[in-house]
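Data block below; observations after.
Only the coordinates and a few stated rules stand behind these numbers; no lab work does. Quick caveat, the model's predicted, so the values are computed rather than measured. Backbone-built Cβ (ideal geometry, glycine too); neighbour counts: all protein chains shown.
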Amino acid sequence: MLTFDKCGIYCAQAGIYIDPWKPVDKAIITHAHSDHARWGMKAYVAHRLAVPVMRLRLGADINVQSVEYGEVLNINGVKISLHPAGHIWGSAQVRLEYKGEIWVVSGDYKLQADGITTPFEHVKCHSFITESTFGLPVYKFPTSEEVYADINAWWQKNRDEGKNSVILAYALGKAQRVHAHLNTTIGDIYLHGAVDNINKIYEENIGALPIAKRIDASVNRKDIKGAMIIAPPSAADTPWLRSMQPYKLGICSGWMQLRGTRRRRGADRGFVLSDHADWEQLNTAVRETGAQNVYVTHGYKSIYSRWLETNYGLNATEVDTLYTGEALDDTTDSETAENKPDESI
Amino acid sequence: MKAFSQLFTNIDQTTSTNEKIDALVTYLDTADEQDAIWCVALLSGRRPKRTIKTSELWEWSGELSGLPSWLLAESYHIVGDLAETISLVIPPSNDERDHPLHEIINALIALKDSDEQQRKAYITDMWQHFGRQELFVFNKLITGGFRMGVSDKIVIKALAKHYKVDENIIAHRLTGNWEAHNNTLPKLLAAGDSGDDISKPYPFYLAYPLETPPQELGSVGDWIIERKYDGIRGQIIVRNQQLFVWSRGEDLLTEKFIEFEGLINILPNGTVIDGEILPVKDGKFLPFHVMQTRIGRKNVTKKALQEAPLVMVCYDIIEHNGTDIRHLSMQERRTVLEGLLTTLKEQHPELPLQLSPLVQCTTWDEVAEERARSREYVCEGLMLKRKSSEYKTGRRRGDWWKWKVDPLSIDGVLLYAQRGHGRRANLYTDFTFAVWDGDELVPFAKAYSGLRDKELLEVDAWIKKNTIDKFGPVRSVTPTLVFELGFEGISPSPRHKSGIALRFPRILRWRQDKGVKEANTKADLIELLNAYRE
Ligand SMILES: [Zn+2]
Ligand SMILES: [Zn+2]
């Protein structure tokens with residue numbers, strides 16, 4: 001029912017693509033990260049909470065239909081519905097059913113509860129398309145609560161030493177996740193403009209976040225003392241970041257699980273915090289779908305496919321896509337839209 | 001073990017030297033004295049003899065984790081560290097225990113006399129009762145290579161702070177051969193001069209690379225300028241009628257350098273000379289690799305002795321008549337050295353010691369010209385040493401600089417690519433390059449560092465689109481892209497198809513301006529080899 005072509009994942013019966021990477025007529029978008037929600041589609045379908053972010057990043061004038069989780073669209077006999085993916089707020093898995101055959105495109109997902117995102121829902125299907133960003137047994141993420149506690153303890157320690165704490169986290173998703181769990185009794189919270197833009201949408205559509213100030217021309221840098229500053233990864237190595245001196249730098253990413261990555265980054269602290277599934281979560285998700293056919297996209301594709309075939313006896317196929325997974329660098333930031341000048345501070 | 005693991009974590013989580021020193025001082029303040037000396041031993045690269053084989057670790061961790069061996073191998077390829085890989089795949093413990101560091105080390109040492117069953121029982125039991133961090137540190141104790149981002153300088157400073165003893169004394173006491181077993185730090189550090197191990201070298205003073213224009217160093221007249229030789233930095237020690245030759249890596253190499261044997265009867269007792277050990281033939285220095293083959297061998301052959309007799313090019317004297325003279329100025333030490341070597345040379349014309357010649361210049365422009373001629377002398381560049389400088393410990397800025405020549409370079413064609421490690425595991429970052437030999441491309445070098453992140457991504461995307469074949473983690477690509485590679489040296493190598501081997505190859509830049517036919521040829525490499533050999 002689904003095929004992979006040069007534009008993306010395609011359902012010919014419904015005439016619709018899922019997360020295409022080239023301009024097409026009609027696209028269902030799993031979530032608003034820029035490697036999945038790309039510019040140039042004539043019509044979009046997305047979850048209600050993804051729509052305002054897409055308008056901010058792709059243009060206010062895009063043609064987009066907003067849907068809820070579980071709402072069924074019937075397109076030329078294909079029943080299409082979105083289900084929570086737990087990746088970031090407004091992220092969805094796409095379920096497609098035609099003549100009794102069911103496919104699920106999971107986009108990016110995680111099973112771990114993060115405190116702000118609608119939890120992942122297991123959807124039964126015959127064919128499952130999964131990412132494999134952290135598809136190796138060495139990735140075993142700690143619980144969100146442990147990491148939030150570590151972040152707050154680190155902030156307190158830095159503050160005691162008279163330093164600011166800068167956290168680099170994706171502006172969409174991870175930044176709100178960290179922000180919502182900061183202990184506001186420790187000190188002030190400041191936001192990079194790109195984070196504040198997304199936070200505004202979060203607050204308008206979901207709920208309040210702890211009080212924080214946007215860092216703009218009106219803020220005197222001398223007033224920022226012992227504060228927590230949340231900025232996107234693209235702020236690394238910029239004069240903007242250097243103006244936050246004295247500070248300690250923390251990076252939130254699943255890649256921080258590996259010591260080599262932590263050390264190469266030159267950050268003061270690496271927090272193992274990801275919006276993707278680790279090894280156990282991937283395995284659980286795949287098993288729970290009951291699918292016999294699994295298509296493995298971005299990540300450790302060949303390793304993870306081999307594991308699914310040899311360990312679970314599934315038909316696993318590697319698929320080449322242009323999704324980038326969780327990136328650590330500026331240049332591979334899947335939210336490159338943040339680098340647009342109008343969104344900078 | 002928990003305390004030591006915590007120390008490890010604290011050190012690992014900071015890039016600040018001061019915080020690392022503080023963490024170490026805090027550990028020393030509370031640690032058991034046997035744990036403390038083992039900690040210092042491990043941090044300065046003295047680890048117990050390994051008693052567990054890598055294959056055993058693979059097998060046992062496979063059993064405990066329930067993972068197939070191919071998946072463990074893939075994981076290791078991406079993590080890049082065996083100890084860490086195992087610590088990540090062992091199921092988390094719900095029954096953690098603590099043991100003193102020295103007890104664990106002693107147990108590991110004792111395993112050498114036990115059979116596989118006992119070794120397995122001990123290791124797997126420990127694996128099931130450690131937290132993640134202790135598990136990693138424990139595995140590091142087994143596999144060795146304990147570096148943990150602590151330089152000798154940090155260890156010395158922390159010990160000086162904890163014991164309130166002068167850094168230079170600590171540095172000297174920590175050098176050379178000593179045992180952690182049945183020893184304590186106070187014993188090691190308090191040993192009087194008479195009780196000292198007479199083989200002990202001084203910690204080497206190392207130069208920083210010069211990154212600013214030399215004009216910023218002030219007047220040329222304040223500097224001693226010498227050539228930077230490409231040999232083995234070493235200290236020749238004669239004390240109590242005994243000879244010791246140490247390399248900078250703190251290896252005792254006396255046996256390998258039999259040319260120096262006669263110095264026992266020539267150098268006065270209580271002499272320590274610092275210099276560069278080099279092969280020489282007919283008054284000319286030979287390239288580094290000529291000596292390298294010889295060091296790798298167990299016994300020095302007659303042939304090697306004839307082909308590449310060694311000398312030391314001497315540039316410093318740090319102990320004279322039994323007295324540590326590191327506090328004298330470079331100029332004063334040089335005068336002592338010149339006096340000693342001139343006298344000895346008159347009595348022993350075949351002396352395997354040569355005075356490092358001074359490069360005489362009056363302006364920095366002249367110095368730059370001399371630097372440009374380095375390769376004519378089979379040298380890597382120049383050394384600039386402030387005449388007033390003391391002989392310090394470790395790598396320090398300010399008084400000693402090395403000013404190397406730009407690396408050699410060649411344009412190669414990208415032929416194979418392999419996935420990187422860690423965060424680059426999704427990217428093809430390890431490349432094999434080839435040069436033309438007629439119509440054929442012959443691989444000649446592997447390199448992975450040097451490209452900017454943006455270029456890496458571009459090249460990665462290109463590789464994925466232009467793959468001809470996949471074998472394991474390696475892809476072969478359509479020969480199209482040309483890169484300029486830099487390297488420090490070139491030597492003949494019958495093991496490689498190209499017939500040469502490069503020293504420290506790295507990517508200098510992506511030559512997007514060059515077509516594949518414009519890459520260099522094997523003949524160009526041979527020409528470089530011959531030029532470099534002369
Ligand atoms: Zn995403
Ligand atoms: Zn993705």
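Quick notes
- Neighbouring Cβ atoms from other chains, within 10 Å of the Cβ of residues in A:134-142, number 5 on average.
- Unit Cα scatterers, Debye sum, the protein assembly as shown: log10 I(q)/I(0) for q = 0.04, 0.10 Å⁻¹: -0.23, -1.31
- Relative pair counts by distance (%), Cα atoms of chain A, 20 Å bins: 32, 56, 12, 0
- Structure note, pairs A:K248/B:K20; B:K256/B:K302; B:K284/B:K522: Cα-Cα distances above 19 angstrom occur for B:K284/B:K522.
- Phi to ³J(HN,Hα) by Karplus 6.51 cos²θ - 1.76 cosθ + 1.60 over segment B:255-272, Hz, x for Gly, Pro: 5, 6, 10, 5, 4, 8, 3, x, 5, 3, 8, 9, 6, x, 4, x, 10, 10
- Taking every residue in A:174-184 and counting other chain Cβ atoms within 10 Å of its Cβ, the average works out to 0.
- Surface/4 of the Cα convex hull for chain B, nm²: 28.5
- Max mean-square fluctuation residue, GNM over chain A, Cα-Cα springs under 10 Å, options A:S144, A:S106, A:S66: A:S66
- Rel. contact order, % - alpha carbon contacts under 8 angstrom, at least six apart, chain B: 12
- Too-long pairs where the Cα-Cα distance tops 26 Å, listed order kept, from A:K140/B:K140; B:K303/B:K402; A:K110/A:K200: B:K303/B:K402
- Highest-first arrangement of A:206-213, A:316-323, where packing means the average Cβ count within 10 Å: A:316-323, A:206-213
- Built amide H within the under 5 Å cut-off of A:Q93, gap 5+: A:H83, A:A85
- Each peptide in A:24-30, B:325-331 was scored by the mean count of other Cβ atoms within 10 Å over its residues; highest first, the order is A:24-30, B:325-331.
- Where the Cα pairs of segment A:148-275 fall when distances are cut into 5 Å bins, in %: 2, 11, 23, 25, 22, 12, 4, 1
- Cβ charges +1 (Lys, Arg) and -1 (Asp, Glu), total dipole of segment A:178-305, debye: 660
- Here the Kirkwood formula, the inverse mean of 1/r across different C-alpha pairs, assigns segment B:408-533 a hydrodynamic radius of 14.7 Å.
- Around the amide H of A:F120, modelled in the peptide plane, lie the amide H atoms of A:G86, all under 5 Å away and 5 or more residues distant in sequence or on another chain.
- Rounded to whole Hz, the Karplus (6.51, -1.76, 1.60) HN-Hα couplings of segment B:276-286, x for glycine and proline: 10, 8, 9, x, 9, 9, 6, x, 10, 6, 9
- Sorted peptide list for A:115-124, B:225-234, B:30-39, criterion being average Cβ within 10 angstrom, highest first: B:225-234, B:30-39, A:115-124
- Selected from A:S302, A:S34, A:S91 as most flexible by GNM, with chain A as the system and alpha-carbon contacts under 10 Å: A:S302
- Overall Cα dimensions of segment B:1-99 - principal axes, largest extent first, Å: 44, 30, 28
- Listed residue pairs exceeding 27 Å between alpha carbons, taken from B:K200/B:K228; B:K157/B:K187; B:K120/B:K153: B:K120/B:K153
- Label point at B:V516 placed 7 Å out along Cα→Cβ; residues across segment B:425-458 whose backbone nitrogen lies under 20 Å: B:428-447, B:458
- Peptide A:253-259 - average C-beta neighbours from other chains (10 Å radius): 5
- Under 13 Å from A:K301, Cα to Cα: aspartates and glutamates that are on another chain or at least 8 residues apart: A:E131, A:E309, A:E318, A:D320, B:E74
- Computed Rg/Rh of segment B:123-164, alpha carbon atoms with Kirkwood Rh: 1.17
- Calculated FRET efficiency for the pair A:W39/A:E204, C-beta based, R₀ 25 Å, to 0.05: 0.60
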